[in-house]
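Beneath this line is the structure, given in structure tokens, with notes to follow.
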Amino acid sequence: MIDLYTTRAALIMTARLLRVPSERRTPLELARDGGLLEMWQRVAPETRRMLLLQAAWEARGAFLGEADDDALRHAAYLAEAAESAARGGMTQRTDFVHLLSPHYLLAQSLAFDLDDVETSLAAALMLATRISTGWPA
């Protein structure tokens, strides 16, 4: 459980830095420089999946338009799935995170892909930068 909170805190801090207008590094450069990429690689895939889905729930409705890379496409899909679930009556983030559905399977696929952890991290960061009201525990 500590990995979940520690990694989420690192995602939040990195997302806040990405919002600073003077920050010129890409999300992955910032994550690499700050140690988040290494942390993301070491954390359990289940934790990565949970963080992707939590961030998607908190960022629901925040994406518009077409995505131009895989990480952004995945982030947009997850946020849209969360928005759709909320419109359908879902009120709890926990339900969205644990509901076995296409969005869950996509997050699981991203989280367990050890050959491309950078894509899942970039997607999580893109979601985290779009959370407007904070990321509750």
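The values are calculated or read from the model by the stated rules, or taken from the named source; none is laboratory data. What you see is a predicted model; the values in this text were computed from it and never measured. Quick reminder, even Gly has a Cβ in these numbers, built from the backbone with ideal geometry, and neighbours come from all protein chains shown. What goes into the accessible areas is simple: the full protein's heavy atoms, side chains included, and nothing from ligands, DNA or RNA. Shrake-Rupley method; radii C 1.70, N 1.55, O 1.52, S 1.80 Å.
Laid out as a table, the results:
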read-out: Near pairs, Cβ below 9 angstrom, 6+ apart or cross-chain, from segment 13-38 (more than 20 Å from Asp116 (Cβ to Cβ)) to any residue that is surrounded by 13 or more Cβ atoms within 10 Å (Cβ to Cβ) and of a type in the set (Asp, Glu); value: Leu17/Glu23
read-out: Selection count where residues are polar (S, T, N, Q) and buried (at least 19 other Cβ atoms within 10 Å of the Cβ), scope segment 36-46; value: 0
read-out: Asp68 being out of contact with any helix residue (DSSP H, G or I) (no Cβ under 9 Å at 6 or more places or on another chain), surrounded by fewer than 16 Cβ atoms within 10 Å (Cβ to Cβ) and closer than 21 Å to Pro45 by Cβ; value: no
read-out: Looking only at segment 1-35, and only at residues there that are assigned to a helix (DSSP H, G or I) and acidic (Asp, Glu), the one that is surrounded by the most Cβ atoms within 10 Å (Cβ to Cβ); value: Asp3
read-out: When residues of segment 71-95 are limited to those that are of a type in the set (A, V, I, L, M) and more than 11 Å from Ala123 (Cα to Cα), the one least open to solvent (accessible area, probe 1.4 Å); value: Ala82
